[in-house]
Amino acid sequence: MRKIRVILYGVGAVGSLIAKFLQEKEGVEIVGAVDIAKNKVTKDLGEVLGIEKKLGFRISPDADKLLSKVKADIAIHTTSSYLEETYPQITSLIKHGVKVVSTCEELSYPYYTKPQLARKLDLLAKKHKVTVLGTGINPGFLMDTLVIALTAPCQKIEKIEAIRIMNAASRRLPFQKKIGAGLTVEDFRRRIESKQITGHVGLEQSTAMIADALAWKLDRIVAEPVEPVIAKKAVESNDIKVKAGQVAGLRQKAKGLIKNEAVITLDFQAYIGAEEEYDAITIKGVPNINQKIQPCIHGDLGTIAMVVNAIPKVMQAPHGLVTMKDLPVPSATLEDMRRYVLF
Ligand SMILES: NC(=O)c1ccc[n+]([C@@H]2O[C@H](COP(=O)([O-])OP(=O)(O)OC[C@H]3O[C@@H](n4cnc5c(N)ncnc54)[C@H](OP(=O)(O)O)[C@@H]3O)[C@@H](O)[C@H]2O)c1
């Protein structure tokens with residue numbers, strides 16, 4: 001049986017880690033790669049990944065050109081968080097008959113925030129007989145899919161809370177910069193206003209996915225403003241020193257409201273010096289459920305696994321735009337990838 005053929009669309013931090021992980025896996029091969037970064041285009045993918053062997057093809061800046069030459073089953077798409085930006089990239093994959101697993105946060109559940117784009121993608125994917133999924137660790141698992149799974153043994157539910165607290169010192173430098181670590185409070189607020197810092201993208205999507213799984217008709221979803229977490233004492237990572245009074249990271253909450261009462265609350269915190277790191281889900285209902293994963297799941301490791309483990313699920317899913325709540329129970333793919341797929 002032939003291997004599953006993968007196109008890498010985006011060879012940044014996450015795309016590169018996924019590509020390296022795929023090198024270790026059996027039954028799957030990368031057959032092409034797309035990226036626009038000047039330091040990557042026209043270089044052999046192996047060279048860009050910093051692995052010893054060349055992979056025999058160069059990174060292309062032109063997805064359409066590559067897709068008309070190379071046959072692929074599925075694309076791993078990791079270029080941007082925003083659906084307006086990724087929409088033309090994803091439609092070009094669909095039109096070439098390539099299935100998609102993307103880390104685009106807004107694609108994880110676009111029916112609430114971008115319903116028209118969601119519908120257009122769904123129709124196009126059905127027309128071209130492919131499946132499109134947005135996933136990752138969060139959104140994609142910790143604050144939505146896992147929450148939904150934990151509601152399964154409940155007879156009644158009054159409210160749900162999920163919290164993720166991460167010590168950003170253990171994450172990549174770009175992530176530490178993305179959350180404003182080391183800035184003054186004024187600078188942080190300026191950068192939030194100018195959208196140089198965006199905070200976590202995905203809380204509204206996760207809230208909407210949970211509500212839809214439970215058929216709860218929310219009156220509205222409120223994503224509260226991104227707030228700085230201010231260091232009470234000096235803290236540091238390998239790369240950034242934060243003085244007391246400076247920004248160590250950020251916190252954002254989103255609430256799903258029915259009659260002004262929060263029935264879903266998601267609370268995301270990432271900052272240098274977090275003493276306790278965890279992912280916790282509390283369901284008030286019958287029965288009550290309290291789940292805590294400690295330390296919290298590593299963002300990069302979790303994302304890479306979520307994306308790769310989604311490959312066989314998407315290979316066999318119904319055509320159209322699907323979300324994590326539409327797929328079978330998520331699980332690891334430890335063996336040859338072909339074992340999980342009926343070609
Ligand atoms: N759902 C989740 O749990 C989750 C987890 C991790 C990451 N993510 C998201 O996944 C995305 C990728 O993350 P990352 O850390 O890998 O970002 P990154 O390092 O910035 O990588 C993105 C790569 O895509 C390239 N690119 C941008 N626009 C492109 C286009 N139109 N065509 C081809 N290539 C293009 C970029 O090139 P340039 O550098 O030249 O722009 C860059 O090389 C981000 O949006 C991130 O927020 C989601």
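Each row is one residue, and each column tells you yes or no for (1) within 22 Å of L123 (Cα to Cα); (2) within 12 Å of the ligand (Cβ to nearest atom).
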{"residue": "A13", "(1), (2)": "no, yes"}
{"residue": "E26", "(1), (2)": "no, no"}
{"residue": "A33", "(1), (2)": "no, yes"}
{"residue": "L45", "(1), (2)": "no, no"}
{"residue": "V48", "(1), (2)": "no, yes"}
{"residue": "I51", "(1), (2)": "no, no"}
{"residue": "K69", "(1), (2)": "no, no"}
{"residue": "Y82", "(1), (2)": "yes, yes"}
{"residue": "T91", "(1), (2)": "yes, no"}
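This table checks each residue for (1) at pLDDT 95 or above; (2) over 17 Å from the mean Cα position of the chain (by Cα); (3) at positive phi.
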site: K127; (1), (2), (3): yes, yes, no
site: V147; (1), (2), (3): yes, no, no
site: P153; (1), (2), (3): yes, yes, no
site: I163; (1), (2), (3): yes, no, no
site: L173; (1), (2), (3): no, yes, no
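Restricting the search to helices (runs of 4 or more DSSP H) fully inside region 164-262 and requiring at least 2 residues that are within 25 Å of A149 (Cα to Cα) and touching a Phe, Trp or Tyr at 6+ places or on another chain (Cβ under 6 Å) gives 203-213. Scanning region 157-212 for residues that are farther than 27 Å from G285 by Cβ and in contact with a Gly (Cβ under 6 Å, 6 or more places away or on another chain) yields a count of 5.
Listed here are the helices (runs of 4 or more DSSP H) enclosed by region 1-105 that have at least 2 residues being open to solvent by less than 10 Å² (accessible area, probe 1.4 Å): 13-24, 45-49, 83-95. Selection of region 290-343 for residues being of a type in the set (K, R) and within 25 Å of Y111 (Cβ to Cβ) yields K313, K325. When Q294 is tested against the conditions (1) touching an Asp or Glu at 6+ places or on another chain (Cβ under 8 Å); (2) touching a residue at least 24 places away in the same chain (Cβ under 8 Å), the lone failure is (2).
Results for (1) of a type in the set (D, E); (2) open to solvent by less than 20 Å² (accessible area, probe 1.4 Å); (3) touching a residue at least 24 places away in the same chain (Cβ under 8 Å); (4) in the same structural domain as D219 (by TED's automatic domain parsing), shown as yes or no for each residue.
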| site | (1), (2), (3), (4) |
| --- | --- |
| K243 | no, no, no, yes |
| R251 | no, no, yes, yes |
| A254 | no, yes, yes, yes |
| I264 | no, yes, yes, yes |
| D267 | yes, yes, yes, yes |
| A270 | no, yes, yes, yes |
| A305 | no, no, yes, no |
| A310 | no, yes, yes, no |
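Of the candidates K284, K325, the single residue that is open to solvent by 60 Å² or more (accessible area, probe 1.4 Å) and within 16 Å of the ligand (Cβ to nearest atom) is K325.
The values are calculated or read from the model by the stated rules, or taken from the named source; none is laboratory data. The structure presented is a predicted model; accordingly, all values stated were derived computationally and were not measured. Reconstructed Cβ throughout: ideal geometry from the backbone, glycine too, with neighbour counts over all protein chains shown. Surface areas here come from the heavy atoms of the whole protein model, side chains and all, with no ligands, DNA or RNA. Shrake-Rupley method; radii C 1.70, N 1.55, O 1.52, S 1.80 Å.
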